[in-house]
Amino acid sequence: MAFVKAGNTALAGQGMSELHYRAMLEADLDEVLSIETAAFSHPWTRGIFLDCVRSEYECWLLFSGNQQVGHTVLSAAGDESHLLNITIRPENQGFGLGAALLEFIIDRAKQRKAEVTFLEVRASNEAAARLYERFGFNEIGRRRNYYPAAGGREDALVMAYSLID
């Protein structure tokens with residue numbers, strides 16, 4: 001399987017080497033779940049990822065050198081796309097990998113002829129919301145009690161990004 005190169009990215013003091021991307025396969029799900037479980041209190045299940053891979057969603061892995069550091073899932077149909085999941089291994093967060101992965105998956109949405117990308121983000125996930133805003137996503141609504149949380153349920157911010165220049 002061919003890798004998609006992302007350029008030479010050295011991340012401050014982390015020994016990170018060149019970033020590259022590869023389509024997610026069923027065989028990758030153990031490592032995907034390991035990262036997902038480390039990153040989230042309520043991670044996606046193997047079944048959810050398996051359904052996405054089998055449904056031919058845009059399911060991609062991010063590598064720094066030989067280390068898998070993240071993954072993303074995008075659904076694209078017609079002129080719309082929906083960023084369903086974007087995850088960076090916790091110890092690799094804060095070094096621009098989320099931005100690199102987001103830029104990559106937005107480019108994939110454009111290649112699929114999407115005109116807009118939607119996403120939901122936990123209202124409490126301020127770092128992610130700021131990242132999306134830096135890319136040009138705008139809050140367009142709120143889904144009440146959307147996410148499971150330790151104390152019950154949590155709202156999701158609904159955000160949209162126009163892919164039309």
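The values are calculated or read from the model by the stated rules, or taken from the named source; none is laboratory data. Note that this is a predicted model, so its numbers are computed, not measured. Positions of Cβ are backbone-derived with ideal geometry, glycine not excepted, and every protein chain shown enters the neighbour counts. The accessibility values were calculated without ligands, DNA or RNA, using every heavy atom of the protein model including side chains. Shrake-Rupley method; radii C 1.70, N 1.55, O 1.52, S 1.80 Å.
In order along region 131-142, the Karplus-derived 3J(HN,Hα) couplings, from 6.51 cos²θ - 1.76 cosθ + 1.60 at θ = phi - 60°, round to 4, 4, 4, 4, 7, x, 6, 10, 6, 10, x, 9 Hz, and Gly and Pro are given as x. Summing Cβ point charges (Lys, Arg +1; Asp, Glu -1) relative to the Cα centre of the chain gives a dipole of roughly 140 debye. Using a probe of 1.4 angstrom, how much of the accessible area of region 24-140 is carbon and sulfur, in percent? That fraction is 46 percent.
Counting only heavy atoms of the protein chains, get the accessible area per residue of region 54-143 (1.4 Å probe) and round it to a whole Å² value. Before the final figure, lay out the partial values.
Details: 4310 Å² over 90 residues.
Result: 48 Å² of accessible area for each residue.
Along the axis of the charge dipole computed for region 54-121 (Cβ charges of +1 for Lys and Arg, -1 for Asp and Glu, origin at the Cα centre), the listed residues Gln67, Ile86, Ala109 are led at the positive end by Gln67. Across the chain, Cα pairs under 8 Å and at least six residues apart give a relative contact order of 16 percent. Annotation: amide H of Val116 within the under-5 Å range of Ser81, Leu163, sequence separation 5 or more or interchain, hydrogens built in the peptide plane.
Report note on the peptides 141-154, 85-98, 63-76: ranked by the mean count of other C-beta atoms within 10 Å, highest first, their order is 63-76, 85-98, 141-154. If both residues of a DSSP beta bridge must be in region 38-129, then about 80% of such bridges are antiparallel. For Glu18, nonlocal amide neighbours, meaning residues 5 or more places apart or on other chains whose placed amide H falls under 5 Å from its own, are Thr9, Gly65. Solvent-accessible surface of protein heavy atoms, probed at 1.4 angstrom with all chains present, puts Phe135, Phe40 in the order Phe40, Phe135, largest first. Using θ = phi - 60° in the Karplus curve 6.51 cos²θ - 1.76 cosθ + 1.60, the 3J(HN,Hα) couplings for region 100-113 round to 5, 5, 5, 4, 4, 6, 5, 4, 5, 4, 5, 4, 7, 6 Hz; x is entered for Gly and Pro. For region 27-41, 3J(HN,Hα) computed residue by residue from phi via the Karplus equation (6.51, -1.76, 1.60; θ = phi - 60°) reads 5, 8, 5, 4, 6, 4, 5, 4, 5, 4, 5, 5, 8, 10, 6 Hz, glycine and proline entered as x. Taking amide H as placed 1.01 Å from N in the peptide plane, Gly70 has its amide H under 5 Å from the amide H of Leu62, Arg89, each at least 5 places away in sequence or on another chain.
Solvent-accessible surface of protein heavy atoms, probed at 1.4 angstrom with all chains present, puts Leu84, Leu163 in the order Leu84, Leu163, largest first. Taking only alpha carbon atoms, the chain gives an Rg to Rh ratio of 0.94, where Rh is the Kirkwood radius.
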